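A.B. asks: One structure follows; several queries about it will come next.
The values are calculated or read from the model by the stated rules, or taken from the named source; none is laboratory data. Since the model is a prediction, treat every value here as computed from it, not as a measurement. Here the Cβ positions follow ideal geometry from the backbone for every residue, glycine too, while neighbour counts run over all protein chains shown.
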Amino acid sequence: MERLVVDPGPGVVVRVAVDAPQHSGLTGPLDYASEQVLAPGSLVRAPLGKRELLGIVWPGESAPPEVELRAVAAVFDALPPLGAAWCRMLDFAAGYYQRSVGELASAVLPPQLRELSPEQLAARLRKLERKVAKGPAAAEPVRPELAPEQAGAVARITAQLEAGAAKPLLLFGVTGSGKTEVYLRAAEAALAAGRQVLVLVPEINLTPQLEARFTERFAALLPEPLAIVSLHSALTPAQRLQNWLAAHLGRARLVLGTRLAVFASLPDLGLIVVDEEHDPSYKQQDGARYSARDLAVWRAHDLKVPVVLGSATPSLESWQHAESGRYERLTLATRIGGGALPRVRLFDMKSLPPSPGVTTALTAPLLAALKERLDRGEQSLVFLNRRGYAPVLHCGECQWKSDCPHCSAWRVFHKRDRTLRCHHCGFTERVPRACPNCGNHDIAPIGRGTERLEEQLAEALPGARVLRIDADSTRRKGELEAQLQAVHDGEVDILVGTQMVTKGHDFRRIRFVAAVNPDGALFSSDFRAPERLFALLMQAAGRAGRDASGDGVSEMWVQTWHRDHALYQALARHDYERFARDQLAERRSASLPPFSHLALLRAEARTAEAAKAFLDEAAGLLQDEQVFVYPPVPHAVARVADVERMQMLVEAGQRSRLQAFLREWVPALLALKRQHKAVLRWAVDVDPLAI
Ligand code: ADP
Ligand code: ZN
Ligand code: ZN
């Protein structure tokens, strides 16, 4: 690749993608003067207004200048330019998600690049070069013999590696069926062919575990430092830059990361794996709201390399693609080692004798079941997707509730540090001793979160070692690892947690999993809520009985008031396919995704009226018979930090139709916004996940 062509001529015009503020209306790359010809993909610093920004020389022709152009301020010439394929991906993603290329590039490049001078970056690159292997070579790894279904899946992936990819591969495998082993073998084949491999996981928490597994397998094959790197937002800025550079230079052969890693510069990319492809965390929720899963599919298609989307509960979008033949489905139907999936027991809350305590999460039969496991020395997991002690404090005298003064939400009672905390805006106060409204001393928590569940379990089962894992218990660095280790080491009898513990972890000792209060999502206004609940419960169930040794069956206990609900009936049979069939039929008749395509226009203002006025006018800007714009509605949590949030849904039968509409609409919205000064923020979310 030619890096830098030095031109002795009088100077040239270069197009540079910079992160111009949205209100400036400068959406495409801007023209600058340069003393020398710069290869597309070169990183530069370029002046904009009074600032100097990181920019990328963008491929394409620029028109002859009509005004005098400002000059590029500096060139990062020690760094090889970003490749044409990388720039293509950015162009596509920026266009598809309705952002400027400069903004997107600035959001996805390592933040430190913005701060370093070309000299400082050159120093970093030299430092990288000095990292060479020392110490003895690692031992050859032990690779298990593949089960027949695994071998079949690996064969399909390697066939694509050799022939140039045809279709995205949906690896549909029940929990514990050995999907990771398939990724490892596929990666091995790609690495052996001299290609780079990108593996995406949904949660930062899962990266250390996965990194350990990949490092163990590939330490002998890839002995050089930085041959295996991770990319996620929990790295220090210096680490993130280092790992990004290693990938960009082709030194890193295997990159593991969260959604932002889909944008890594990988000149030899030969295989992409998206683990737990259904997971909502692949969708970025602010700025450029991209889906890393969808971009992975695009990128693989663009490069003609295989992409493997793995899940026990695929997204209905991916499932529908497999049904229609656009994706190729690879199925792993059996658990490795013959471990049975846990028996699912739908515990009917209506069967309990009516009493004031009947809504309690810890029903007597559940406690008895936990006790039995405890007596047998087995581990259990109790799952509740709500952290804190109780979602609200309540005064029985005057009906005061602990609402947040800044949000349309309650503040959650956290008992350990005696605070009332808003999970939306972060507003925190000490718990009042008495009702702030009437002075009554008898204010009580209503409902329960994991903190209270932990306390009640410890009370009800004296002697049991109860551990809670959620976002609160794992705030400090290293805490999560230590807590997970305690579970693996058998120092815990009952693990209480949010969805943080249901994802991915290979717990070997857990034989009983209980979901104590999952019904809420059945009646949500979000049409994707059942899909998420089903995936969550299947995944939670997947934590039990991963080790086939030991006697007795493992069990998943689901407490519900709606045991006949189709979702639970499918769950009880571990029947994802039936669930998907039912849901897709509903989606089809309601013409919801994947049978239609959506975008959401969000607006935020100090008053709901101001936000609505903007949306109402936006709806009238453009008419298209095949695009339907719904009336504006408040966000599910309408007010956060004293800002009112409204949104408006745009729907089209064809993706291309929606895209064409947005291409015209968004520039018009930019202009419209200038007349709506009261609107603080607005954004278009293409393929929104939460509605
Ligand atoms: P999944 O990702 O589908 O939930 P994993 O890849 O974590 O499943 O596999 C479950 C367990 O089975 C892991 O402990 C893994 O090491 C083991 N395993 C996977 N494939 C094989 C195999 N072919 N032979 C023996 N053990 C295997
Ligand atoms: Zn009161
Ligand atoms: Zn708040």
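A.B. asks: Please identify the pairs in which a residue from segment 397-414 that is touching a residue at least 60 places away in the same chain (Cβ under 8 Å) has its Cβ atom under 8 Å from the Cβ atom of a residue that is more than 15 Å from ligand 2 (Cβ to nearest atom) and of a type in the set (Gly, Ala, Ser), counting only partners at least 6 apart or on another chain.
C.D. replies: Hits for this filter: His406/Ala641; Cys407/Ala641; Ser408/Ala638.
A.B. asks: Could you list, in sequence order, all residues of segment 490-514 that are of a type in the set (Lys, Arg) and more than 28 Å from Met349 (Cβ to Cβ)?
C.D. replies: Initially, segment 490-514 is screened for residues of a type in the set (Lys, Arg), giving 503, 508-509, 511.
Arg508, Arg509, listed by residue number.
A.B. asks: Could you go through segment 374-387 and let me know if any residue there is touching a residue at least 60 places away in the same chain (Cβ under 8 Å), surrounded by 16 or more Cβ atoms within 10 Å (Cβ to Cβ) and more than 30 Å from Val553 (Cβ to Cβ). Please lay out each step first, then the result.
C.D. replies: Within segment 374-387, the first condition is being touching a residue at least 60 places away in the same chain (Cβ under 8 Å), and the residues that meet it are 374, 376, 378-387.
If we keep only those that are surrounded by 16 or more Cβ atoms within 10 Å (Cβ to Cβ) too, we end up with 374, 378-387.
Remaining after also requiring more than 30 Å from Val553 (Cβ to Cβ): 387.
Yes, because at least one residue in segment 374-387 is touching a residue at least 60 places away in the same chain (Cβ under 8 Å), surrounded by 16 or more Cβ atoms within 10 Å (Cβ to Cβ) and more than 30 Å from Val553 (Cβ to Cβ).
A.B. asks: Looking at segment 313-343, which of the residues that are closer than 9 Å to Leu171 by Cα and touching a helix residue (DSSP H, G or I) at 6+ places or on another chain (Cβ under 6 Å) is surrounded by the fewest Cβ atoms within 10 Å (Cβ to Cβ)?
C.D. replies: Only one residue tops the list, namely Arg329.
A.B. asks: Among the residues of segment 636-660, count how many are crowded, with 21+ Cβ neighbours inside 10 Å and free of Cβ contacts under 8 Å to residues at least 40 places away in the same chain.
C.D. replies: Result for segment 636-660: 0.
A.B. asks: To continue, here is another question. Give me the residue from segment 511-532 that is under 13 Å from Thr498 (Cα atoms) and not small (Gly, Ala, Ser) and, out of that set, modelled with the highest pLDDT. First the steps, then the outcome.
C.D. replies: Initial filter on segment 511-532 (under 13 Å from Thr498 (Cα atoms)): 513-518.
Filter once more, keeping what is not small (Gly, Ala, Ser): 513, 516-518.
Numbers: Val513: 94, Val516: 91, Asn517: 87, Pro518: 91.
Selected residue: Val513.
A.B. asks: Of the residues Glu378, Glu397, only one is at pLDDT below 95 and farther than 30 Å from Asp547 by Cβ; which? Before the answer, list the steps.
C.D. replies: Details: Glu378 fails: farther than 30 Å from Asp547 by Cβ.
After ruling out the rest, the residue left standing is Glu397.
A.B. asks: I need the full set of residues from segment 439-453 which are exposed (fewer than 12 other Cβ atoms within 10 Å of the Cβ) and touching a His at 6+ places or on another chain (Cβ under 9 Å), in order please.
C.D. replies: Initial filter on segment 439-453 (exposed (fewer than 12 other Cβ atoms within 10 Å of the Cβ)): 441-442, 444.
Residue satisfying the conditions is Ala444 alone.
A.B. asks: Can I ask one more? So which residues in segment 279-331 are closer than 19 Å to Ala186 by Cβ, among the β-branched types (Val, Ile, Thr) and not in a helix (DSSP H, G or I)?
C.D. replies: Result: Val305, Val307, Val308, Thr331.
A.B. asks: List, please: which pairs have Cβ atoms under 7 Å, are six or more places apart or on different chains, and start with a residue in segment 197-211 that is within 17 Å of Leu184 (Cα to Cα) and end with one that is β-branched (Val, Ile, Thr) and modelled with pLDDT under 85?
C.D. replies: Qualifying pairs under 7 Å: Val201/Thr207.
A.B. asks: On to the next question. Looking at the structure I just gave you, is Glu397 closer than 30 Å to His505 by Cβ, more than 16 Å from ligand 3 (Cβ to nearest atom) and out of contact with any helix residue (DSSP H, G or I) (no Cβ under 7 Å at 6 or more places or on another chain)?
C.D. replies: no
A.B. asks: Would a scan of segment 505-518 turn up a residue that is under 20 Å from Arg386 (Cα atoms), touching an Asp or Glu at 6+ places or on another chain (Cβ under 8 Å) and assigned to a loop (DSSP other than H, G, I, E, B)?
C.D. replies: no
A.B. asks: Identify all residues within segment 406-442 that are over 28 Å from the mean Cα position of the chain (by Cα), assigned to a loop (DSSP other than H, G, I, E, B) and away from ligand 2 (no atom under 15 Å from the Cβ); write none if there are none.
C.D. replies: Within segment 406-442, Lys415, Arg416, Asp417, Arg418 qualify.
A.B. asks: Report, by residue number, each residue of segment 92-124 that is within 30 Å of Asp302 (Cα to Cα) and surrounded by fewer than 18 Cβ atoms within 10 Å (Cβ to Cβ).
C.D. replies: Answer for segment 92-124, where residues must be within 30 Å of Asp302 (Cα to Cα) and surrounded by fewer than 18 Cβ atoms within 10 Å (Cβ to Cβ): Phe92, Gly95, Ala107, Pro111, Arg114.
A.B. asks: Please list, ordered by residue number, the helices (runs of 4 or more DSSP H) wholly in segment 523-633 having 1 or more residues that are under 26 Å from the mean Cα position of the chain (by Cα) and surrounded by 14 or more Cβ atoms within 10 Å (Cβ to Cβ). Walk me through how you get there before you give the answer.
C.D. replies: On the way: elements: 529-541, 566-572, 576-589, 608-619.
Here the list reads 529-541, 566-572, 576-589.
A.B. asks: Next question, about the same structure. When you check Gly463 against the structure, is it out of contact with any His (no Cβ under 6 Å at 6 or more places or on another chain), modelled with pLDDT under 90 and surrounded by fewer than 21 Cβ atoms within 10 Å (Cβ to Cβ), yes or no? Working first, answer last.
C.D. replies: Values: out of contact with any His (no Cβ under 6 Å at 6 or more places or on another chain): yes; modelled with pLDDT under 90: no; surrounded by fewer than 21 Cβ atoms within 10 Å (Cβ to Cβ): yes.
Spelling it out, it is not the case that Gly463 is out of contact with any His (no Cβ under 6 Å at 6 or more places or on another chain), modelled with pLDDT under 90 and surrounded by fewer than 21 Cβ atoms within 10 Å (Cβ to Cβ).
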